[in-house]
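What follows is one structure encoded as structure tokens, with my remarks underneath.
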Amino acid sequence: MPQKVQSSAASRSASEAGGGTQFLLARARAPLLGSAPMRILVTGGCGFIGSNFIRYILQHYKPAYMTNVDALTYAGNLANLDGVVEEHGERYEFFQADIANADQMDTLLHEEQFYAIINFAAESHVDRSINSPQNFIHTNVVGTSVLLQTPPAGTASSVSSRSRPMKFTVR
């Protein structure tokens, strides 16, 4: 399991989680259930829609904690979230990871108890889908499947047998 870091801008290797990429991290620790603040996992949070969603939640729902997972492909840009760590500090964290990497998602989903998982990670440019449909299948189908099949912290197995019901919305 990756080592926990408490700094506002740190990095850690994902090799322990089965990947060769870097996890970039601005970390906060808070339990979710009970009177604790909600923690939301957002995938694709460095894209236009995801980054605006993160900013909105952090500004309007205090204290909410946001965990952002993005592979930083052509549509993801860290600059979309400039100033978020400085403004919201421990309430925001970022991991550079691919949602289709089951080991990375399993590690992340077992570290925290998330109130919700909101998936904005998608390949959506039509021109790119014609030139390279494999990327669309990888992110839009395989990645979403990994999120649906990876049990969150505190559960024994996948979606079909969770003790706490979860609602999945596809838009």
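The values are calculated or read from the model by the stated rules, or taken from the named source; none is laboratory data. No experiment lies behind these values; they were computed from the predicted model shown. Note: ideal-geometry Cβ built from the backbone for every residue, glycine included; neighbour counts use all protein chains shown.
Which residues, counting only those in the stretch 94-134, are assigned to a loop (DSSP other than H, G, I, E, B), closer than 14 Å to residue 71 by Cα and not β-branched (Val, Ile, Thr)?
Going through the stretch 94-134, the residues assigned to a loop (DSSP other than H, G, I, E, B) turn out to be 97-101, 112-115, 120-125, 132.
From the residues that got through so far, the ones that are closer than 14 Å to residue 71 by Cα too are 97-101, 120-123.
97, 98, 100, 101, 120, 121, 122, 123, listed by residue number.
Can you find a residue in the stretch 89-105 that is among the hydroxyl-bearing types (Ser, Thr, Tyr), at pLDDT 90 or above and surrounded by fewer than 20 Cβ atoms within 10 Å (Cβ to Cβ)?
To start, the set of residues in the stretch 89-105 that are among the hydroxyl-bearing types (Ser, Thr, Tyr) comprises 92.
So of that shortlist, the ones also at pLDDT 90 or above come out as 92.
Checking the rest, the ones that are also surrounded by fewer than 20 Cβ atoms within 10 Å (Cβ to Cβ) come to none.
Within the stretch 89-105, not a single residue is among the hydroxyl-bearing types (Ser, Thr, Tyr), at pLDDT 90 or above and surrounded by fewer than 20 Cβ atoms within 10 Å (Cβ to Cβ).
Looking only at the stretch 113-149, filter to residues that are without any contact (Cβ under 8 Å) to a residue 12 or more places away in the chain and among the aliphatic types (A, V, I, L, M); which one of those is farthest from residue 74 (Cα to Cα)? Checking each candidate, the answer is 141.
The residue of the stretch 61-87 that is nearest to the chain's Cα centre (by Cα), among those that are more than 16 Å from residue 39 (Cβ to Cβ) and not in a loop (DSSP other than H, G, I, E, B), is 70. Taken over the stretch 112-149, residues that are modelled with pLDDT under 80 and either in contact with a Phe, Trp or Tyr (Cβ under 6 Å, 6 or more places away or on another chain) or under 14 Å from residue 41 (Cα atoms) (or both) amount to 2.
Would you check if residue 68 is within 19 Å of residue 109 (Cα to Cα) and at pLDDT 95 or above? So residue 68 passes the test.
Tell me whether the stretch 25-39 contains one or more residues that are buried (at least 20 other Cβ atoms within 10 Å of the Cβ) and at pLDDT 65 or above. There is at least one residue in the stretch 25-39 that is buried (at least 20 other Cβ atoms within 10 Å of the Cβ) and at pLDDT 65 or above.
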